[in-house]
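The values are calculated or read from the model by the stated rules, or taken from the named source; none is laboratory data. None of these values were measured; they are calculated from a predicted model. Positions of Cβ are generated from backbone atoms using ideal geometry, with glycine treated the same way; all protein chains shown enter the neighbour counts.
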Amino acid sequence: MVKMIDARGLSCPQPVLMTLNEIKAGKADEIIIMVDNDASKENVSRAAVSRRWTVTDIGEKGGVFNVKIRKG
């Protein structure tokens, strides 16, 4: 199951907390987090890796980053 998190317009630590809450929920195998600044992109990626998730892709379009992470 893929879960989308829209964290655009939010500053850290909010995008990280939203991501960690979804990881803890344990329902998704893949999560796509939408953020709109470099700091959130980097912090979300680091938080995912620290929970043993893999960053599979970071795409950018129109100033919005889509950080894709996968369990395992």
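Observations
- For the residues A47, A39, A28, A7, the requirement of being in contact (Cβ under 8 Å) with a residue 12 or more places away in the chain and out of contact with any strand residue (DSSP E or B) (no Cβ under 9 Å at 6 or more places or on another chain) singles out A39.
- Number of the condition not met by I58 [criteria: (1) more than 10 Å from the chain's Cα centre (by Cα); (2) at pLDDT 95 or above; (3) at negative phi]: (1)
- When I32, I23 are screened for being of a type outside the set (K, R) and in contact with a helix residue (DSSP H, G or I) (Cβ under 9 Å, 6 or more places away or on another chain), only I23 passes.
- Checking each residue in region 13-56 for being in contact with a Leu (Cβ under 9 Å, 6 or more places away or on another chain) and under 13 Å from K3 (Cβ atoms) picks out M18, A48.
- Hits in region 16-40 - residues which are aliphatic (A, V, I, L, M), more than 10 Å from the chain's Cα centre (by Cα) and under 18 Å from T56 (Cβ atoms): A28
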